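Peer 1: So that we are looking at the same thing, I have put the structure below in structure tokens.
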Amino acid sequence: MAGSDPPEWPNLAATSWALLGILSYEHELSGYDIRKWIDWSMRFYYGSPAYSQIYSELKKLEQLGLVTSRVENTGGARNRRLYKITEAGLDAVTRWANEAPVDPPTLKHGPLLRVTLAHLTSPGRLKEVLQEHVEYADEMQRKAAKDARWAAADPSWAYARVALQWAERYYANERELALKMIKELDEAEARFPRAKEGGPTKTPWPSPEFWYEIEKKANAEEPD
């Protein structure tokens, strides 16, 4: 209705919304089941929370009335707790999926940060870091490709498969970008100024006044 207040979203972490989304299917799931699903899919593009975080968020969701749980007697040494989404939880996560603002991706790229601060290490060590990243990207691409292939086993995994195929392409591109950076390091090393022997020990660096002058020129050329 025009002029009505927007819905109040529960104050949930992103992990909680992901858990509610996983529980929005028809089956009850244990914390182990949920972690397995995340390892098969979301870890390629949204991280993989520890079991402790999963159970902490599930407890919060239950306190809010968004999920319920029951203990299943398996007849073994340990029983397991199963979680099920409530109608309120399904309504909340459905509204969240359709109406909540979508956060832009946040990139925290460790190898790239090392490249930015390469004056603190050696070109050889930096190439080792990037080569390790190439191997990591190779492994992630292979695993995402395998999971994407197997996601074709059931039609209800069709959307998850689209995301996994994206992850496969992402890590392939990540590998190529890392290899390209390795080639570019020698040129950067040749251009980069170093402290002169007998002079100041710190790496030469333009003054803040110079930064701001460059910023003015860049903005004059193409304003943000």
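The values are calculated or read from the model by the stated rules, or taken from the named source; none is laboratory data. The structure displayed is predicted, hence computed values, not measured ones. Cβ sites come from the backbone with ideal geometry, for glycine too, and all protein chains shown count toward neighbours. Heavy atoms of the whole protein, side chains included, go into the accessibility calculation; ligands, DNA and RNA do not. Shrake-Rupley method; radii C 1.70, N 1.55, O 1.52, S 1.80 Å.
Peer 1: With point charges of +1 on the Cβ of Lys and Arg and -1 on the Cβ of Asp and Glu, referenced to the Cα centre of the chain, which listed residue (131, 111, 163) lies farthest in the positive direction of the dipole?
Peer 2: Positive-most Cα among the choices belongs to 131.
Peer 1: Can you compute the charge dipole magnitude of the chain about its Cα centre, using +1 on each Lys and Arg Cβ and -1 on each Asp and Glu Cβ, nothing else charged? Give it in debye, rounded to the nearest 20.
Peer 2: 880 debye
Peer 1: Before rounding to the nearest 500, sum -39500 (n - 2.57) across all DSSP H runs of length at least 4 in the chain and divide by the residue total; then give [θ] at 222 nm in deg cm²/dmol.
Peer 2: Value at 222 nm, helices only, nearest 500: -19500 deg cm²/dmol.
Peer 1: Nearest 0.05, what FRET efficiency do residue 56 and residue 207 give at R0 = 41 Å with Cβ-Cβ as r?
Peer 2: The pair residue 56/residue 207 has a calculated efficiency of 0.30.
Peer 1: Work out the FRET efficiency for residue 191 and residue 142 from their Cβ-Cβ distance, taking R0 = 41 Å, and round it to the nearest 0.05.
Peer 2: In this case the efficiency is close to 0.70.
Peer 1: Given the whole protein assembly as supplied and a 1.4 Å probe, what does the accessible area of residue 45 come to in Å², nearest 10?
Peer 2: 90 Å²
Peer 1: Place the peptides 122-132, 165-175 in order of packing, highest mean first, counting for every residue the other Cβ atoms within 10 Å and averaging per peptide.
Peer 2: Most protected by this proxy first, the peptides run 165-175, 122-132.
Peer 1: Expressed in nm to one decimal, what extension gain is obtained for the pair residue 70 and residue 87 from 0.36 nm per residue of sequence separation less their Cα-Cα distance?
Peer 2: Additional length available on full extension: 4.5 nm.
Peer 1: Oh, and also: Under a 5 Å amide H to amide H cut-off, with H placed in plane at 1.01 Å, what residues pair with residue 80 once short-range neighbours are removed?
Peer 2: 72, 74
Peer 1: On to the next question. With a/c under 1.5 counting as rounded, go ahead and sort region 14-99 into rounded, prolate or oblate using the C-alpha gyration tensor (a ≥ b ≥ c being the square roots of the eigenvalues; past the cut-off, prolate if a/b is larger than b/c, else oblate).
Peer 2: Oblate is the answer for region 14-99, as a/c is 1.5 or above yet b/c matches or exceeds a/b.
Peer 1: Sticking with this one: With contacts defined as alpha carbon pairs under 8 Å and 6 or more residues apart, what's the relative contact order of the chain in percent?
Peer 2: Relative contact order, the chain: 16 percent.
Peer 1: Just how far, in whole angstrom, is region 146-211 from region 30-57 if you go by their alpha carbon centroids?
Peer 2: 26 Å
Peer 1: Considering only Cα-Cα distances, which of the following residue pairs are longer than 26 Å: 36/146; 36/84; 60/146; 36/59; 36/180?
Peer 2: Check vs 26 Å cut-off fails for 60/146; 36/180.
Peer 1: Would you mind getting the accessible area per residue of the chain, heavy atoms of the protein chains only, 1.4 Å probe, in Å²?
Peer 2: 73 Å²
Peer 1: Now, a different point. Measuring from label point to label point, each 7 Å out along Cα→Cβ, what is the residue 219 to residue 107 span in nm?
Peer 2: 2.4 nm
Peer 1: Another question, then. Once the piece of chain linking residue 132 and residue 150 is laid out straight, how much longer is it, given 0.36 nm per residue of separation minus the C-alpha distance between them?
Peer 2: So the extension gain works out to 3.7 nm.
Peer 1: Report ³J(HN,Hα) in whole Hz for each residue of region 43-49, in order, from the Karplus equation J = 6.51 cos²θ - 1.76 cosθ + 1.60 where θ = phi - 60°; Gly and Pro get x.
Peer 2: 4, 6, 9, 9, x, 10, x
Peer 1: Charges on Cβ only, +1 for Lys and Arg, -1 for Asp and Glu, centred on the Cα centroid of the chain; of 193, 54, 219, which one is farthest towards the dipole's positive end?
Peer 2: 54
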